[in-house]
Amino acid sequence: MFICFDLCRGNYKAAFTHLQNGVQIVECQMAKANPRHTFPQSLDSGSPTEYALTRVLLHLDVQSAHFGESGPLLHLHPIALGEGRRDNLSLNSLREVKQRLDPIMNNILRFRRSCEPYVRGEISGLFDIAGASAEQRRIHAHLDDHIRAFEDFVLRQASYPANPKDGRSIDLMRMQNEALTNILETSLVTSEMIYDDYLPVYKKITQLAEKIITSFESEYGTHRPCIVMDMGVIPSLLWVCLKCRDFPTRHRAVKLLERWPHREGAYDSHLLVQIVKDHMVLEQPTAGDGVTEIVPEYTRIDSVMRVNISGEE
């Protein structure tokens, strides 16, 4: 409750302080249930309420990596190829698909955070690039396995017409898989120019996001939730807005954020639209009319930070 209040007030520092306290409790519970912290099996033993609260904390923990925090704080397995079975992974429900992706997402964002000082040129000789590359390949293998198992599940369900909600869930998973793959593959990239090679990915993310939003609006109209704790379309659209320098695609992603005015955990679409528009003006001050010029390296912004009047990041 304290986390939700602070997030809605824009007090991210206090919200993530409460989150850290909650995560410490979760860590203790996971350690008692299973010394290896295997997720999600070790969380299923509690009551439905405990399970739901734990899931919220885990979702917010992953999101904290995007807001100047040191997170994700939890170390969720699998984190190496040798842990657990990678062969014949089978997924049998959308809930299981999401649960199995959570630890992979956790490790992708944790890995990305660990590489940021190297990417920004703050460290060089002290950074183990060979070890980081090996870890990147290990995480990528788990993500690839999950994507294959997910698509196999979707194929098995093809003979059963999906309801609109399940259809949106499938599109959401595909969109997140595209974004996570791009985040992981570019974690060791030291030039912002490389992101231009991923324009098809950014277009696909934007198309899927638009499909999800349109489906939701068709079913519920303007009656959408004001706040949800899990990540939906906002983080992936934000990634496109920050890393895609193709103006039409970028502009389309911003318009979709404006069309989706609510909060997904720590992601407030109202605030992010303001930040992204300022970001775009700095990088592409003359862009418009659907015309995209190549944005030179020296004008590209590799990271964005919002600082309140109080000095809080």
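The values are calculated or read from the model by the stated rules, or taken from the named source; none is laboratory data. All figures in this text were calculated on a predicted structure; none of them were measured in a lab. For neighbour counting, all protein chains shown are included, and Cβ atoms are generated from backbone atoms with ideal geometry for every residue, glycine included.
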Q.
Contact list please: Cβ distance under 7 Å, first residue in the range 122-147 and free of Cβ contacts under 8 Å to residues at least 24 places away in the same chain, second residue not charged (D, E, K, R), pairs at least six apart or on different chains.
A. 123/117; 127/118
Q.
Checking the structure you have, find out if any residue of the range 192-199 is buried (at least 20 other Cβ atoms within 10 Å of the Cβ), under 20 Å from the mean Cα position of the chain (by Cα), of a type in the set (Asp, Glu) and farther than 22 Å from residue 266 by Cβ.
A. yes
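Of 178, 135, which residue is under 23 Å from residue 60 (Cα atoms) and either surrounded by 14 or more Cβ atoms within 10 Å (Cβ to Cβ) or β-branched (Val, Ile, Thr) (or both)? Give the derivation first.
Numbers: 135 fails: under 23 Å from residue 60 (Cα atoms).
Just one listed residue meets the conditions, 178.
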Q. For the range 185-238, which residues satisfy the criterion of being aromatic (Phe, Trp, Tyr) and modelled with pLDDT under 95?
A. 216, 220
Q) For the range 182-226, which residues satisfy the criterion of being touching a Leu at 6+ places or on another chain (Cβ under 8 Å) and in the same structural domain as residue 118 (by the TED database)? A) 183, 184
Q.
Condition check: under 21 Å from the mean Cα position of the chain (by Cα), in the same structural domain as residue 108 (by the TED database) and surrounded by fewer than 20 Cβ atoms within 10 Å (Cβ to Cβ). Does residue 146 satisfy that?
A. no
Q) In the range 76-117, what residues are among the hydroxyl-bearing types (Ser, Thr, Tyr) and at pLDDT below 90? A) 90, 114
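Which of the residues spanning the range 105-130 are small (Gly, Ala, Ser) and exposed (fewer than 10 other Cβ atoms within 10 Å of the Cβ)?
Of everything in the range 105-130, those that are small (Gly, Ala, Ser) and exposed (fewer than 10 other Cβ atoms within 10 Å of the Cβ) turn out to be 121, 124, 125, 130.
Does residue 138 satisfy the criteria of being in a helix (DSSP H, G or I) and farther than 24 Å from residue 244 by Cβ?
Working: in a helix (DSSP H, G or I): yes; farther than 24 Å from residue 244 by Cβ: yes.
Taking the combined requirement at face value, the residue satisfies it.
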